[in-house]
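First up is the structure itself, then whatever we jot down about it.
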Amino acid sequence: MNMQKRAWQPVPGNDEAYIYPIVDDTTIFLSNAYIIRMPGLMVVVDPGDAVSQIETIRRVLDDFGNNDKPALVLLTHCHVDHCFEFLSAPAGLQPGCHPLVALQEEGIKALKLKDRELTGAGRFHKMIPDIDPDICLLSADARKSKSSEHLRLEGGIVLDLTTKAITTPYGNTVYVQNLSGSGFGIKAYYSPGHSPDSTVFQVGTLLFTGDALFAAEHFVAGLPGWNKNDSLATAQNLLWLVENEVISVVAPG
């Protein structure tokens, strides 16, 4: 597949899913965004903070005709460049129905408390949007109890969340949460380090890593909330996932 090509492409490992990548030249202010369509759901991974990106997302979904499917927004973490523009003015993905936002527990706390450090709003001189995410991913309680939840959400989504722990040969624990419903299946992996709420998502054999592996520059590695030990453990875990979960493409933020 060609992640530089803005066109619907089959998702490897899932015969019923298609992806529309929105990948631009890398800058410190820009996040790659990805749109995925499955039989029962439209998904947007990290819609970003650029007006042009949000306009593209709206156009692509409108052109495809998304009105018959609920829309789920998966955020790899709460940093401004991955979500603020979208959360400030959500695209009209469905008449009368706002898109459902899913985020890890620590990111939800940072947004609700309007934490300018952990969200990066202070560094980029941004206002933090008022947001109450619909789905809390990989909470401390879920990781501790390995719980299962059954959620009935706006837009007709019935979502099952099942959490389990995997011990790797490195001795690390990988927490994975399965998000499943009618016609779709997504895995979310708890991947702290770059930020306390960092989450990696898997659809088919695609792995959406956000900034979890993005630590070549000290600026990125040293943001508020960054943790060196967590970053190293997450890097080991993600390399293990690539080798053992039959990952064919890593799609970074």
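The values are calculated or read from the model by the stated rules, or taken from the named source; none is laboratory data. This is a predicted model, so every value here is computed, not measured. In this analysis, Cβ positions are derived from the backbone assuming ideal geometry, glycine residues included, and neighbour counts consider all displayed protein chains. Ligands, DNA and RNA are stripped out before the accessible areas are found, and what is left, the full protein with its side chains, is counted by its heavy atoms. Shrake-Rupley method; radii C 1.70, N 1.55, O 1.52, S 1.80 Å.
Odds and ends about this structure:
- Stokes-Einstein diffusion of the stretch 133-224 at 37 °C, 0.692 mPa s viscosity, Kirkwood radius from Cα pairs, rounded to a whole number: 226 µm²/s.
- When the chain is treated as a GNM with alpha-carbon contacts under 10 Å, the residue of 234, 199, 76 showing the greatest mean-square fluctuation is 234.
- Farthest toward positive dipole pole in the chain [+1 Lys/Arg, -1 Asp/Glu at C-beta], among 73, 231, 86: 231
- Computing Cα extents along the principal axes in Å for the structure here picks out one of (i) 45, 40, 35; (ii) 93, 63, 28; (iii) 122, 44, 29, namely (i).
- Site-free segments of the chain were taken between chymotrypsin sites (Phe, Trp or Tyr not before Pro) in DSSP loops having at most 16 other Cβ atoms within 10 Å, sites themselves excluded; the longest one is 30-123.
- Directionally averaged shadow of the stretch 126-175, computed from the convex hull of its alpha-carbon atoms, nm²: 5.8
- Helix-derived mean residue ellipticity, 222 nm - over the chain, DSSP H n ≥ 4, -39500 (n - 2.57), to 500: -6500 deg cm²/dmol
- Dipole magnitude of the chain, debye to nearest 20 (Cβ charges: Lys/Arg +1, Asp/Glu -1, about Cα centre): 260
- Surface per residue (accessible, 1.4 Å probe) for the chain, Å²: 44
- Residue of 237, 14, 229 that the Gaussian network model of the chain assigns the largest fluctuation, springs spanning Cα pairs under 10 Å: 229
- Percent accessible area from carbon and sulfur atoms, the chain, protein chains only, probe 1.4 Å: 51
- Using θ = phi - 60° and Karplus 6.51 cos²θ - 1.76 cosθ + 1.60, couplings along the stretch 121-133 (whole Hz; Gly, Pro as x): 4, x, 5, 9, 6, 10, 7, 7, x, 6, 8, 10, x
- Checked against a 21 Å cut-off, the cross-linked pairs 126/228; 144/164; 164/187; 114/144; 144/187 give Cα-Cα distances beyond that limit for 126/228; 114/144.
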